[in-house]
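One structure is given here, and the rest of the page talks about it.
Where a number appears in this text, it was derived from the coordinates with a stated rule and is not lab data. Since the model is a prediction, treat every value here as computed from it, not as a measurement. Note: ideal-geometry Cβ built from the backbone for every residue, glycine included; neighbour counts use all protein chains shown.
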Amino acid sequence: MSHETFDEQAAAYALDALDAGERAAFEAHLSGCARCESTLRASREALAAVVLEVPAAVPPPEVRAELMRRVGGRADTRSRTDTRRLWLRWAMATAAAMVVGGFLTGMFVAARYEAELGRVARETSRLREDLNRHEAALQTRVTAYQAVVELLRDPATRVIAMKGAGPSPTAEGRVVWNETSGGQVLVAKLPPAPEGKAYEMWTIAGGQPTPAGVFQVDASGQAIHRLPPGSGRVDVFAITLEPAAGVPAPTGPIVLASTK
Amino acid sequence: MGNVGEELIRRMAAGDSEAFARFYDRYSPLVYPLILRIVRDRPDAADVLQDVFWETWRSAGTYDAGRGTPEAWIVTRARARAIDRIRSVRRRSETFVAPLDEALAAAPSDPGGDAAERAADRSVVTGALDRLPGPQREVLELAYYGGLTQTEIAERIKQPLGTVKTRTRLGLERLREIMKR
């Protein structure tokens, strides 16, 4: 008999799949064969590992209780408790546990649901705030446009171009100006003012600048700013970069100025 | 993992019932799905489980760490007792094929059964056995979970006995390779 036959028998023996006669023959061989013992040991370990891959499942607790009783010596002489009855008790306990489990699951789902609702509510209110901000900005812009159109209806209204200067040579500006009712200045391509700074508008007459309000540009570099009526003729319109609160007389660089 | 189990078995051999409780808690959830898968009946599975652990308590003194890990020790025993149970049931009822088909039917689409049963079924579908060629896996499953001898397997799958023997050997070789990693 070549050893290959024993290799085959060792595998079948590990699976307990040998027929009775063959099993007896193999067992006789096994006791003296290190190779077969090693094959058998490795096969059983591999099979056990396969079995242990399956997710664990806790058996009915009555089995443990019964075993502990027997180990304690008290139940040893008695016949074992009928496992069918134990099984029934276990099934009832399981059913009860499932009810509790279902309740807890319900609470868990409710908690998750509330958390989700809260998140949706926060999201909604954030969107609403965004929308409100947007709407307010649009409203301001529409009001300014209306004011510009109103001004342009008046034949006394002039439109004066402003040119970029100093730090922002590409900036553009238009002043829609009416000596009696004031005006609007429209600027574009002006970079947003640095932190703590703002743009300040000046009306200059006879070399004397008069402050005409501070303003900021939006992210796209545009702004519309209302100018109060002046006290007479204006020679030059200019915009400087100043501290955010504004100053009574220009201190910063001129960023836009009308050409006279 | 083995060392903890070995220590528990040593203490069990010395009559330490506390160690036995810990041994049971550690290994019963691992072998219970196997027993359930083989016997397919919860009261029977609970019965077999109790027998298996009672035996480990009684024979802890004969455990030899040199011959295998505690895992292999308990799994081999659990599988053997579960097969004993279905073999005796088959003898009694003289129905042979039907319960076997049931035992082997890995029916992942079966909506019945609880998590343990489904988990037991899944081992066929997703486990290391799945990485064997189908014919090798088939003979291993028929032997290991179905409790058939090689002669019975040959009859059942209508293949020569020699083929069944070869598949068994190759399948187990492959399984040992997979599990070594």
Build a GNM of chain A with springs between Cα atoms under 10 Å: which of A:201, A:162, A:92 gets the top mean-square fluctuation?
A:92
Taking amide hydrogens as modeled 1.01 Å from N in the peptide plane, which residues meet the under 5 Å criterion relative to residue A:213, leaving out close sequence neighbours?
A:201
Working only with C-alpha atoms, what are the Rg and Dmax values of region B:1-94, expressed in angstrom?
13.7, 44
Sorted by chain and number, the residues with a modelled amide H under 5 Å from that of residue A:227, at a separation of 5 or more or across chains, are A:183, A:184, A:185
Using θ = phi - 60° and the Karplus relation 6.51 cos²θ - 1.76 cosθ + 1.60, list the HN-Hα couplings for region B:64-74 in order, rounded to whole Hz, with x at every Gly or Pro.
10, 4, x, 9, x, 6, x, 4, 5, 4, 6
Gain in span if fully extended, residue A:218 to residue A:249, counting 0.36 nm per residue against the direct Cα distance
8.7 nm
Between the alpha-carbon centers of region A:212-227 and region B:27-93, tell me the distance in whole angstrom.
85 Å
Taking θ = phi - 60°, what integer Hz values does the Karplus form 6.51 cos²θ - 1.76 cosθ + 1.60 yield along region A:23-38, in sequence order, with x for Gly and Pro?
4, 4, 4, 5, 4, 5, 6, 4, 4, x, 10, 4, 4, 5, 4, 5
How big is the convex hull of the Cα atoms of region B:1-48, per residue, in Å³?
79 Å³
extent check for chain A: Cα max minus min per principal axis, descending, whole Å, gives 126, 54, 33
Lysine-lysine proximity count for the protein assembly as shown, Cα under 24 Å, sequence distance 8 or more or distinct chains:
6
When the Kirkwood radius is taken over all Cα pairs of region A:122-186, what Stokes-Einstein diffusion coefficient follows at 37 °C and 0.692 mPa s, in µm²/s?
231 µm²/s
Through the Karplus equation 6.51 cos²θ - 1.76 cosθ + 1.60, θ set to phi - 60°, convert the phi angles of region A:211-220 into ³J(HN,Hα) values in whole Hz; use x for Gly and Pro.
x, 10, x, 9, 8, 10, 9, 7, 4, 8
Alpha-carbon radius of gyration plus Dmax, which is the widest Cα pair, for region A:158-258 in Å
12.2, 35
Mean per-residue count of partner chain Cβ within 10 Å for B:169-175 equals 6
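Please work out how much length the chain gains when fully extended from residue A:132 to residue A:110, using 0.36 nm per residue of separation minus the C-alpha to C-alpha distance, in nm with one decimal. Before the final figure, lay out each step's value.
Details: separation 22, 0.36 × 22 = 7.92 nm, distance 3.23 nm.
Net length gain for the segment: 4.7 nm.
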Toward the positive end of the charge dipole of region A:3-57, about the Cα centre and with charges on Cβ (Lys, Arg +1; Asp, Glu -1), which of A:52, A:3, A:25 goes farthest?
A:52
Residue-normalised 222 nm signal for the protein assembly as shown, counting each DSSP H run of n ≥ 4 as -39,500 (n - 2.57), nearest 500 deg cm²/dmol, is -20000 deg cm²/dmol
Listed by chain and number, the residues whose amide H is under 5 Å from that of residue A:198, excluding neighbours fewer than 5 places away on the same chain and using placed H, are A:242, A:244
To check my understanding: the extent here is largest minus smallest coordinate of the Cα atoms along each principal axis. What are those three numbers for region A:3-57, in Å, largest first?
38, 22, 17
If you wrap a convex hull around the C-alpha atoms of the protein assembly as shown and split its volume per residue, what is the figure in Å³?
301 Å³
